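The numbers here are math on the coordinates, done by the rules we state, and not lab data. These figures come from a predicted structure and were not determined experimentally. When we count neighbours, we look across all protein chains shown, and the Cβ atoms used for this are built from the backbone with ideal geometry, even at glycine.
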Amino acid sequence: MAGLAGALDTTESEAARLTERLTELRLLRPADDGTYAPLSPRIAGAWLIAPAVRQLEDRQRRIVRLMTELDTLTRIYEQSPAERRSRPQIEVLPELADVRKALTELSAGARQEILTSQPGGARPADVLDEALERTESVLRRGISMRTIYQHTAQFSKATVDYVKHVTPLGVDVRMLSDALMRMIIFDREIAVLPLHGNQDGAVVVGELSIVGFVVHAFERAWPAARPFPVSYDRGQVKGTSVEIQLSISRLLVEGLEDKVIARRMGMSLRTCQRHISEIMSRIGARNRMHAGYLLARIIDEPH
């Protein structure tokens, strides 16, 4: 040890400490004659690191196993009556950011099915872009989706592009002439509905009686809806125009104002008034009251 201390220009105690540390690190191996043989740091590192790696792998396996068990228990708990009672039955979300966050969380938690109704004609492109990411994520997990639009949505390029994208992925998209209320239903357990007087807000409903009523409304409308077309020929466009004007005619018979009809049909007031003018001209009506009378007779006539 004295020779090593001299070679290192240090004290014997320091040389002994260094030798002991290098031996602990398996960089030195003591021989029977009192000398030490150096070992490769690569080999020594493998000896030192291997136990730590095994411990880390064991911990990772335990974490994965625990997460799997907790996920299973969470699904069981979420389906239990106790958990349902603990949920807020009605949660008001007045801010758009909160609505989008809730939709993202509910979509991530969906297990089987999502039903949506989107009235009002064309949807904004930014809303569709945001919805597309959620939709793709849901479909990758095997969740089924059905969506109802209004007839006027088929004349929106952004909406048609969205439907073209999601239909091959498994979304069943149909359309109605008259509006079904806006709704998004998750697993027939939670419904997101419009917030009265606030077009950016929403109400999240967990009360199963209300959700069941909303699901029933959707299922009654579904058979009457027809597939959403993503390409057109002259006959399809003409047929769609006839259907729209027939729906407007029924609303005229009810005596509704132009603004109300436009809102129900998901179109602009100007477009609605153009359709009304064409209808009145076709049936020879002198005014709105006369048009309502004539249309009522036409609609009630046996065919």
With label points built 7 Å along Cα→Cβ from the Cα atoms of residue 90 and residue 136, find their separation and express it in nm.
3.8
If you take the beta carbon distance between residue 270 and residue 207 as r and set R0 to 41 Å, what does 1/(1 + (r/R0)^6) give as a FRET efficiency, to the nearest 0.05?
0.50
What nm distance separates the two modelled labels at residue 14 and residue 281, each placed 7 Å from Cα along Cα→Cβ?
10.5
Net charge around residue 156, counting only other residues with Cβ within less than 13 Å of its Cβ (Lys, Arg = +1; Asp, Glu = -1)?
+2
Simple spin-label estimate for residue 224/residue 172, 7 Å along Cα→Cβ, in nm, reads 1.8
